[in-house]
Amino acid sequence: MSTSAQVSTPVEPPLVAWDLEPVLGHLGSNPEDFRVDEIPAYAASGDGEHRLIRLEKVGMTTLDLVRVVSRAAKIQEREVGYAGLKDKHAITSQWLSVPFRSTPPEQWELPDSIRILEVGRHHNKLRTGHLRGNRFALRLTGTHPESRERLAPLVERLQRGIWNAFGAQRFGHGGENLGRALAWIRGQEQLRGPRARFLTKFYPSVIQSELFNRYLLVRRDHGIKSLLPGEVVRLDGKRSCFVVDDLASEQARYDRGELHPQGPLFGKKMLASASRATELEREVLAGLGLGEPELEALGRVAPGTHRDVWLRLEGLEATVEASGNVRLSFSLGAGSYATLVARELTREPWLSGSATASG
């Protein structure tokens, strides 16, 4: 079994462009170097008891935005709906919902860091997950003098996709969230105080994320072109999943783009895999030192599900500015991390990032 120091340190997820020369550099430090625009799951219907409002913010978190909007609209914070959390150190746009009975947006008093872009009307409050994804526009600064020559093969590789890992920001400064989460799930740390309720939900997600990233490492050894016996797969365009039984038949469907291999987010309601896929899951559980007691404890607070192991980037574009800085733009599905795309190009040390870069 691994030492306690090893099992409390997040693993570094796999790279797809590991054999190519990086452009180096890092994400720019100015808000305009990192832009995120939310792609909603649906458009406003035109009627209903809620307003849908698209806002642009600079230098604040989504929860900061919610607090400002609730005061301006003269409602409780819990009445403001949002689909995902957006970065603080960035220029971001996202949709919020407020009850129609609240103060109209044209009467709101907002700071200069917030701007209203669109207003609509809808029948339901926005909830977490009510988004299709996010469009990102990033600038990499301090890049290599030969970044123009290095960029083309990197982009060609990334257009095939990357491993859909959880970003370093999920694990906190230096990865310290994982050690705390493991101590909690093993009963070595009791949660008390005002943050106890939040941490009871957050720590399971940290453990699930680490196990998923470890699964990607062992899944990578089998390549992404072939399905595994007993692997859970998702039907293209749908949320429904099933377990691969007839490997030859399902491989043909996979080759046609109809199926997407899944990795585990452990919990009591997670669809059970079989055969070789189950062996890989047991391997990652053992590697983190988790047995039945910890899995039972996790299952009491986390329902469990699956996540695509492979991530396609939509509309990937990359250019080199006259200054030598690299501009990237692309879209990702909800819950995926733009910082992992940037990492493929910069090779910045794992756990060094601080932007959330997901939604």
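The values are calculated or read from the model by the stated rules, or taken from the named source; none is laboratory data. Everything numeric here is computed off the predicted structure, so don't read it as measured data. Positions of Cβ are backbone-derived with ideal geometry, glycine not excepted, and every protein chain shown enters the neighbour counts.
Among (1) assigned to a helix (DSSP H, G or I); (2) modelled with pLDDT of 95 or more; (3) under 26 Å from LEU313 (Cβ atoms), where does LEU182 come up short?
Here LEU182 meets the rest and fails (3).
Got at least one residue in segment 112-120 being within 24 Å of SER331 (Cα to Cα) and either out of contact with any Lys or Arg (no Cβ under 9 Å at 6 or more places or on another chain) or crowded, with 20+ Cβ neighbours inside 10 Å (or both)?
No; the residues of segment 112-120 include none that is within 24 Å of SER331 (Cα to Cα) and either out of contact with any Lys or Arg (no Cβ under 9 Å at 6 or more places or on another chain) or crowded, with 20+ Cβ neighbours inside 10 Å (or both).
So if I check each of LEU211, LEU217, LEU227, which one is in contact (Cβ under 8 Å) with a residue 24 or more places away in the chain, surrounded by 14 or more Cβ atoms within 10 Å (Cβ to Cβ) and not in a helix (DSSP H, G or I)?
LEU227
In segment 43-100, which residue that is hydroxyl-bearing (Ser, Thr, Tyr), in contact with a strand residue (DSSP E or B) (Cβ under 6 Å, 6 or more places away or on another chain) and over 16 Å from ARG115 (Cβ atoms) is surrounded by the most Cβ atoms within 10 Å (Cβ to Cβ)?
Ranking the candidates gives SER97 first.
Conditions (1) of a type in the set (Gly, Ala, Ser); (2) surrounded by fewer than 18 Cβ atoms within 10 Å (Cβ to Cβ); (3) under 19 Å from ARG312 (Cβ atoms), marked per residue:
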position: HIS123; (1), (2), (3): no, yes, no
position: PRO145; (1), (2), (3): no, yes, no
position: GLN159; (1), (2), (3): no, yes, yes
position: ASN177; (1), (2), (3): no, no, no
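Could you list, ordered by first residue, the pairs with Cβ atoms under 7 Å in which the first is in segment 273-301 and charged (D, E, K, R) and the second is crowded, with 19+ Cβ neighbours inside 10 Å and not in a helix (DSSP H, G or I), at least 6 apart or interchain?
ARG276/LEU228; ARG276/GLY230; GLU281/PRO264; GLU281/SER273
I'd like the full set of residues that are farther than 15 Å from GLU77 by Cα and not in a strand (DSSP E or B), limited to segment 48-63.
The answer is GLY48, GLU49, GLY59, MET60.
Mind telling me which of the residues ASP112, ASP87 ends up being over 27 Å from the mean Cα position of the chain (by Cα) and of a type outside the set (A, V, I, L, M)?
When all the criteria are applied, what remains is ASP112.
Looking at segment 286-308, which of the residues that are of a type in the set (A, V, I, L, M) and surrounded by fewer than 19 Cβ atoms within 10 Å (Cβ to Cβ) is nearest to the chain's Cα centre (by Cα)?
Looking at residues that are of a type in the set (A, V, I, L, M) and surrounded by fewer than 19 Cβ atoms within 10 Å (Cβ to Cβ), I get VAL301.
Those residues that are under 18 Å from GLU231 (Cβ atoms) and in a helix (DSSP H, G or I), I need them from segment 279-317; list them, please.
Within segment 279-317, GLU279, LEU280, GLU281, ARG282, GLU283, VAL284, LEU285 qualify.
For the condition hydrophobic (A, V, I, L, M, F, W, C) and at pLDDT 95 or above, what is the one hit in LEU154, LEU199, LEU191, LEU131?
LEU154
Is segment 170-192 home to any residue that is over 23 Å from the mean Cα position of the chain (by Cα), under 23 Å from GLU12 (Cβ atoms) and charged (D, E, K, R)?
no
Quick one: count up the residues across segment 174-204 that are touching a residue at least 60 places away in the same chain (Cβ under 8 Å) and farther than 19 Å from GLY287 by Cβ.
4
So VAL68 passes all but one of these: (1) under 20 Å from GLU106 (Cβ atoms); (2) assigned to a loop (DSSP other than H, G, I, E, B). Which condition number does it fail?
Among (1) under 20 Å from GLU106 (Cβ atoms); (2) assigned to a loop (DSSP other than H, G, I, E, B), the lone unmet condition for VAL68 is (2).
Every residue in segment 239-283 that is surrounded by 19 or more Cβ atoms within 10 Å (Cβ to Cβ) and in contact with an Asp or Glu (Cβ under 7 Å, 6 or more places away or on another chain), please.
VAL244, LEU259, HIS260, PRO261, GLN262, PRO264, SER273, ALA277
Out of all the residues in segment 318-329, is one or more in a loop (DSSP other than H, G, I, E, B) and in contact with a Gly (Cβ under 6 Å, 6 or more places away or on another chain)?
no
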